[in-house]
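The structure under discussion appears below in the form of structure tokens.
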Amino acid sequence: MSVKSKLLVFFALAALLLVGFGCASAPKAPEAAAEDTSWKFHTIVDTAFVQPYAKVPVPADTMIVDSRPKRPKYDKGYIPAAVSIPDSKFDEMIGSLPENKEALLIFYCQGPT
């Protein structure tokens, strides 16, 4: 075997080793972690839970928030004493929420669509 052939075989093996070990030691992509949604909804309740609070005046330390769009939905009908804070305007209207952080907040929308 000639020197050129030996060098060619040597460089070919070296390249294969570098590629093989380089790929094996490359960091693996992290597996997608399941999104934590526990903060989004404290409790989903039914109408039986809401009825005692859906009256005028609203019981102390309670706020019912209608998060539907104001004009097309809220203006056509809403729970008595509910405050309209459309989800699209929530960041702008966050000051409308009670100062008491222990207050019961009941959010409602048009339901699953």
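We did not get these values from a lab; they are worked out from the coordinates using the rules stated. From a predicted model like this one, the values you see are computed outputs, not experimental measurements. Using ideal geometry, Cβ is built from the backbone for each residue, glycine included, and neighbour counts are taken over all protein chains shown.
Neighbours of SER67 by Cβ distance under 11 Å: Lys/Arg scored +1, Asp/Glu scored -1, total +2. Taking every lysine pair in region 47-108 that is 8 or more places apart or spans two chains, those with Cα atoms closer than 19 Å amount to 4.
Classify region 51-112 as rounded, prolate or oblate, taking a ≥ b ≥ c as the square roots of the eigenvalues of its Cα gyration tensor: rounded when a/c is under 1.5, otherwise prolate if a/b is larger than b/c and oblate if not.
Oblate is the answer for region 51-112, as a/c is 1.5 or above yet b/c matches or exceeds a/b.
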